[in-house]
Each structure stands twice: as C-alpha cells, then as structure tokens.
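The values are calculated or read from the model by the stated rules, or taken from the named source; none is laboratory data. Quick caveat: nothing in here was measured; it's all calculated off a predicted structure. Every residue, glycine among them, receives a Cβ derived from its backbone with ideal geometry; neighbour counts consider all protein chains shown. Side chains are part of the model used for accessible areas, which takes the heavy atoms of the whole protein and leaves out ligands, DNA and RNA. Shrake-Rupley method; radii C 1.70, N 1.55, O 1.52, S 1.80 Å.
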Amino acid sequence: RRAHYLSQSGESEAAQQERQHADTLYPCTVLDHFLLGQELYRQGTSKPAILAFQNVLQLEPDHFWSSYYLALCWLKTQHPDQAAACLTACLGQRRDFPWLYLLRASAWSELGQFARAETDFEAALATPLSDTDRYGLLVNRGVMRIRQGSLDNAMADLQQAIALRPQQYQGYVNLAQAYLKGQHLDEAVEQLDQAIRLEPAVAALYRTRARLHLLRQNHAAALADLDQVLRVEQSAVNP
C-alpha cells in the first residue's frame with residue numbers, strides 16, 4: 001500500500017523498493033491475507049485475490065468481508081455457482097444488506113435459475129433502498145427478464161428505473177434491448193437516441209444503433225452512426 005501511494009506521488013523508485021520489500025515478506029495473519037486480497041482485487045487480478053481470501057477463510061471461516069469479496073471474484077471469473085455459495089454464507093450473517101441479494105440474484109440468473117433469482121430480487125426490494133440502489137436493482141432484474149423472454153415485465157422494470165434516474169443512460173440501453181427482442185425497432189431506436197443524448201462519447205451506443213438502422217433498412221443512418229463510432233474512438237486515442 002505504501003508503494004501504491006508513493007507511485008501516486010511520482011516517487012517511482014521508492015515505490016519499487018517498497019514492492020521489492022513486500023516480496024520478501026509472507027502474509028501470515030488474517031489481516032495480512034485480507035489486505036493482500038483487497039489490493040489484488042483493486043488491481044483487477046481476481047485469481048490471486050481468490051487465493052488470498054481463501055487463506056483468510058481457512059483461518060477465520062466466518063470472516064464476512066472475505067466471503068463477500070470472494071463472491072465478487074467468482075462472479076468476475078465466471079464461476080456463478082461458487083459466488084452463490086459465498087453469498088449464501090454472507091446472508092447467514094447479514095440479511096439486511098440488499099446487495100447480497102442482488103449479487104446472488106445475478107449469480108442465479110447466470111446459472112439459469114430464474115425462480116431463485118426472482119426471489120432474491122424481491123428480498124432486496126423489501127429492504128430500505130436509496131433511489132440509486134433501487135435503480136440498479138431494477139435494471140439488473142430487467143436484464144434478467146429480457147434473457148428469460150419475459151419482455152413485458154422487463155420493460156416495466158426498466159421504465160421504473162428510468163423514472164427514478166432519468167439522467168442515467170443504462171436504463172434506456174436495456175429498454176432498447178427489450179424492444180429489439182420484441183421486434184419493436186422504432187421504439188428501440190428512440191431509447192438509444194435518448195441514451196446517446198446522455199452519453200454521446202460511448203462508441204458502443206452508436207454501434208448498437210447502427211445495427212438497428214440496418215434492420216430497419218435505413219442504410220444512410222447506419223453509415224452515419226458507424227462514422228460516429230470512428231470519430232469517438234479516434235477522439236479517445238487522440239484527446
């Protein structure tokens with residue numbers, strides 16, 4: 001951690017010395033392993049982080065935050081069954097934490113266990129939630145319902161989410177996907193138009209809208225969107 005802060009301060013040589021010193025030490029306490037796991041997770045290296053959090057649980061099986069972070073790592077590495085097991089252990093300790101239900105619902109959804117996912121989404125909705133948290137939950141449930149083919153329910157979730165946070169673009173993007181799956185192409189384009197108005201520098205939005213324009217046989221609009229993709233990507237490379 002000291003190396004991290006030294007690096008942020010521009011003291012790269014001192015930071016390297018701290019990293020070399022860290023490499024000579026072996027974590028041995030619960031706190032050592034947990035802090036190492038947190039740092040590895042922050043760096044995006046999930047597989048070594050998994051080992052660190054497992055080491056914590058070997059020493060202290062009821063360590064809540066290690067089970068929580070381990071679940072996040074399993075989700076990132078496409079092991080939803082392992083994530084669900086960790087989140088179930090967390091819920092045995094804290095049933096008042098809505099994100100445990102939301103994350104486990106995501107794991108169940110990845111496993112195709114939609115009934116279990118619905119139960120967890122309902123449990124999360126029954127807890128006190130900020131508008132931001134409720135927005136995230138409704139968007140995630142909407143995405144799951146699109147995968148199920150439950151389009152009317154998905155649209156209802158996403159419309160509720162948009163009403164809560166109309167300046168967030170993700171709700172519009174996923175509502176566009178629901179309309180697309182239902183073959184309502186004009187409505188899908190309208191939702192992407194709104195998403196692009198909110199986030200004009202996201203190239204993926206123009207790509208998606210270009211595909212919709214092609215489905216609608218509007219080749220000029222599709223080409224215009226693909227040109228915009230190139231401009232956005234070029235701007236990102238040469239700001």
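Name every residue in segment 78-94 that is surrounded by 14 or more Cβ atoms within 10 Å (Cβ to Cβ), more than 29 Å from Asp131 (Cβ to Cβ) and among the polar types (S, T, N, Q), in order of residue number.
Gln82, the sole residue that qualifies.
Within segment 124-131, the presence of a residue that is open to solvent by 20 Å² or more (accessible area, probe 1.4 Å), modelled with pLDDT of 95 or more, part of a helix (DSSP H, G or I) and not hydrophobic (A, V, I, L, M, F, W, C) is excluded. Are any residues in segment 201-217 in a helix (DSSP H, G or I), open to solvent by 40 Å² or more (accessible area, probe 1.4 Å) and among the small types (Gly, Ala, Ser), and if so, which ones? The answer is Ala204, and nothing else.
Phe97 fulfils the conditions (1) open to solvent by 20 Å² or more (accessible area, probe 1.4 Å); (2) touching a Pro at 6+ places or on another chain (Cβ under 9 Å) except for a single criterion, (2). Among the residues of segment 185-200, is there at least one that is within 29 Å of Ala105 (Cβ to Cβ), free of Cβ contacts under 8 Å to residues at least 24 places away in the same chain, in a loop (DSSP other than H, G, I, E, B) and of a type outside the set (Phe, Trp, Tyr)? Looking for residues that are within 29 Å of Ala105 (Cβ to Cβ), free of Cβ contacts under 8 Å to residues at least 24 places away in the same chain, in a loop (DSSP other than H, G, I, E, B) and of a type outside the set (Phe, Trp, Tyr), one finds none in segment 185-200, hence no.
What do you reckon, is Val173 more than 20 Å from the chain's Cα centre (by Cα) and in contact (Cβ under 8 Å) with a residue 24 or more places away in the chain?
For Val173, the condition - more than 20 Å from the chain's Cα centre (by Cα) and in contact (Cβ under 8 Å) with a residue 24 or more places away in the chain - is not met.
Put simply, of Gly142, Gly112 the only residue that is within 16 Å of the chain's Cα centre (by Cα) and either buried (at least 20 other Cβ atoms within 10 Å of the Cβ) or farther than 26 Å from Ala49 by Cβ (or both) is Gly142.
You will find that of Leu25, Leu59, Leu102, Leu31, the residue that is open to solvent by less than 80 Å² (accessible area, probe 1.4 Å) and of a type outside the set (Lys, Arg) is Leu102 and no other.
Being without any contact (Cβ under 8 Å) to a residue 24 or more places away in the chain, under 26 Å from Lys76 (Cβ atoms), in a helix (DSSP H, G or I) and among the polar types (S, T, N, Q) is the filter here, so list the residues in segment 1-55 that pass it. Answer for segment 1-55, where residues must be without any contact (Cβ under 8 Å) to a residue 24 or more places away in the chain, under 26 Å from Lys76 (Cβ atoms), in a helix (DSSP H, G or I) and among the polar types (S, T, N, Q): Ser7, Gln8, Gln54. The residue pairs whose first member lies in segment 220-239 and is closer than 18 Å to Arg209 by Cβ and without any contact (Cβ under 8 Å) to a residue 40 or more places away in the chain, whose second member is small (Gly, Ala, Ser) and not in a helix (DSSP H, G or I), and whose beta carbons are closer than 6 Å, counting only pairs six or more residues apart or on different chains, are Val232/Ala201.
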